[in-house]
Amino acid sequence: MNPHEYADEHRQQFLDELIELLKIPSVSTLSAHEADVRRAAEWLVAHMQQIGLQARLYEIAGHPVVYGEWLNAGPDAPTVLVYGHYDVQPPDPIEKWQSPPFEPTVRDGKIYARGAADDKGQFFTHLKAVEAILRTEGRLPVNIKFIIEGEEESGSANLERFVQEHQDLLAADVVVISDTHSRSLEQPTIVYALRGMIYMELEVHGPEHDLHSGTYGGIVHNPAQALCEIIARLHDSDGRVTVPGFYDKVRPLSADERDALAEVPYTEADLIRETGAPAAWGEKGYTLRERAGARPTLEVNGLVSGWTGEGAKTVLPARALAKVSCRLVADQDPLEVYELVRDYVAAITPATVTSEVRLLHYGHAAITDRDTPAMAAAIAAFEEGWGAKPIFAREGGSIPVVAYFQRILGTPVILMGFGLPDDGLHAPNEKLTLECFWRGIATAISFYERVTK
Ligand code: BES
Ligand code: ZN
């Protein structure tokens, strides 16, 4: 039996194991789930050991890092570092799920669960590929290292330091990450650019405590209103961010790249179909693909103030809070952009309230090299394992560790994503199409067989 046949024969077992992992609600941003996050990490260590890797946990300031390796291919064989994240986003709004987020359910050839695509189901393909090769051939054609972290969804705040301090442990010829998606099953996609980000809290304070809105409405500046006034000034009518200096360091798109991006068009109709939004929106002068892949943005992720419970309560709230994030592109510096936003908000805050902008986490944008032997191996692996030639695309989302691997280790990164655009990442009814899971395993097997030093 060859590894591909083994993978085909063990589909049910692979799926059952993934279901076990998906049942663990490893939500990294919520402290109530701390024990679950650890349970997922321990499950993975045990699973890695079971398939023949040496594995252990590394304790860091935040959630533990899972590390596994098989290094018996010898010094002449290439070393592949596989990165993934075992933490997941909160499942909210929970009432919108057709089946509970942590009770994985297969419907119509798709597995529904929080983390199915982002990222448990995706990095698991690599473990199954390793298992298939080891079980059939007794050895791997490559040395392999796995680093599966538990804090990606909360910003990978402690991973930079971990990479810094474990450069020998993580040394490799290439990093492979499956945490992105393809355009469609027929158009597998290698992402070559990710955006960076800064995540902030913008808080506006007014009176010392909540007030009666009849007694004080009209004579005290309402912080909820003041917050909206500030937020309304962060974009102009062309959809551009108004923060002075925001675009100064943005690497412009070359004419060639604009042409290449336009080859796989993404229309307003596509966007409406995918999202249900009534229309497209964004920065004038750029296509939808360019706006989401190559231009920086500023987003309000949440708003909290005053009475939001049932019925009416006439209150003038003492404070208002917005969760605000920016997506960044090469060559913007996250900390510099944070200072620009902070200073601009201070400058436009009316004298009748006070405000504060706190930075929660940040990450750099990343662009990967498309012209390396490892990339050629990835392309060939998609052709063989997935059954189609991959296209290249920019992605609007962020994976902070990519820039750490590039900057600290100097290792090239390949984003070999196995998801689809409608997987519902961070949303209700997240799913992974099983066909993607099988093809992902086959593609990973082919990649390990083809990659050279
Ligand atoms: N898997 C995503 C990255 C991604 C998003 C890929 C969209 C393809 C499409 C990753 O897990 C993620 O969500 N990252 C966060 C990072 C942030 C918390 C620093 C993101 O992009 O919001
Ligand atoms: Zn995510």
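The values are calculated or read from the model by the stated rules, or taken from the named source; none is laboratory data. Computed from a predicted model, the values in this text were never measured in an experiment. Virtual Cβ from ideal backbone geometry, glycine too; neighbours counted across all protein chains shown. Surface accessibility is based on the protein's heavy atoms, side chains included, excluding ligands, DNA and RNA. Shrake-Rupley method; radii C 1.70, N 1.55, O 1.52, S 1.80 Å.
Ranking HIS426, HIS4, HIS126, HIS63 from most to least accessible surface, computed with a 1.4 Å probe over the protein chains only, gives HIS426, HIS4, HIS63, HIS126. Summarising the amide proton neighbourhood of ILE391: residues at separation of 5 or more, or on other chains, whose placed amide H is nearer than 5 Å comprise THR189, ILE190.
Computing the accessible area with a 1.4 Å probe over protein heavy atoms, can you report the carbon and sulfur percentage for region 319-381? The partial results should precede the final answer.
Details: 1400 of 2690 Å².
Summing carbon and sulfur atoms, their accessible area is 52 percent of the total for region 319-381.
The charge dipole of region 393-441, taken about its Cα centre with unit charges on the Cβ of Lys, Arg, Asp and Glu (plus for the first two, minus for the last two), comes to roughly 220 debye.
For THR314 and ASP76, compute 0.36 nm times the residue count separating them, minus their Cα-Cα distance, and round to one decimal in nm. Spell out each step's value before the answer.
Working: separation 238, 0.36 × 238 = 85.68 nm, distance 7.26 nm.
The THR314-ASP76 span can extend by a further 78.4 nm.
Residue-wise HN-Hα couplings along region 98-104, as the Karplus relation 6.51 cos²θ - 1.76 cosθ + 1.60 with θ = phi - 60° gives them from phi, are 6, 10, x, x, 10, 10, x Hz; Gly and Pro carry x. With distances taken between every two different alpha-carbon atoms, the chain has a Kirkwood hydrodynamic radius of 23.3 Å. The alpha-carbon positions of region 351-453 define a convex hull whose volume is 157 Å³ per residue.
Close amide-amide hydrogen proximity is noted between LEU81 and LYS145, ASP173, VAL174, VAL175, VAL176, each under 5 Å apart and 5 or more residues distant or on a separate chain (H modeled in the peptide plane; Pro and chain starts excluded).
Return a whole-number percent for the relative contact order of region 67-198, with Cα pairs under 8 Å and 6 or more residues apart as the contact set. Each step should come with its number before you reach the end.
Working: 167 pairs, mean separation 54.2, N = 132.
Worked out over region 67-198, it gives 41 percent.
Take the Cα of ALA280, step 7 Å toward its Cβ, do the same at HIS205, and the gap between the two points is 4.4 nm. A simple packing score, the average count of other Cβ atoms within 10 Å per residue, orders the peptides 127-138, 37-48 as 127-138, 37-48, with the highest score first. DSSP beta bridges fully contained in the chain are about 70 percent antiparallel. Whole-Hz Karplus values for region 371-388 come out as 10, 10, x, 5, 5, 4, 5, 5, 4, 5, 5, 5, 4, 7, x, 8, x, 7 Hz, taken residue by residue from phi with 6.51 cos²θ - 1.76 cosθ + 1.60 and θ = phi - 60°; glycine and proline positions read x.
Round to a whole angstrom and tell me the spacing of the C-alpha centers of region 30-94 and region 165-242. When both Cα centres are located, 27 Å separates them. Considering only Cα-Cα distances, which of the following residue pairs are longer than 18 Å: LYS120/LYS431; LYS23/LYS431; LYS145/LYS453; LYS96/LYS120; LYS96/LYS431; LYS110/LYS431? From LYS120/LYS431; LYS23/LYS431; LYS145/LYS453; LYS96/LYS120; LYS96/LYS431; LYS110/LYS431, over 18 Å: LYS96/LYS120.
Taking amide H positions as modeled 1.01 Å from N, with prolines and chain starts lacking one, the residues under 5 Å from SER28 and 5 or more places away or on another chain are VAL88. Measuring between their Cα centroids, region 392-406 and region 248-302 lie 17 Å from each other. Counting Lys and Arg as +1 and Asp and Glu as -1 over every other residue whose Cβ lies under 14 Å from the Cβ of TYR344, the net charge comes to -4.
Assign unit charges at the C-beta atoms only (+1 for Lys and Arg, -1 for Asp and Glu), then state the dipole size of region 26-99 relative to its Cα centre in Debye, rounded to the nearest 20. Show your work: numbers first, answer last.
Numbers: 4 positive and 9 negative charges, 18 e Å.
Its charge dipole is roughly 80 debye.
Our helix-only sum for the chain, with -39,500 (n - 2.57) per DSSP H run of n ≥ 4 divided by its residues, gives a mean residue ellipticity at 222 nm of -9500 deg cm²/dmol. The HN-Hα couplings worked out from phi for region 267-273 by the Karplus form 6.51 cos²θ - 1.76 cosθ + 1.60 (θ = phi - 60°) are 9, 4, 5, 4, 4, 5, 5 Hz, whole numbers, x standing for Gly and Pro.
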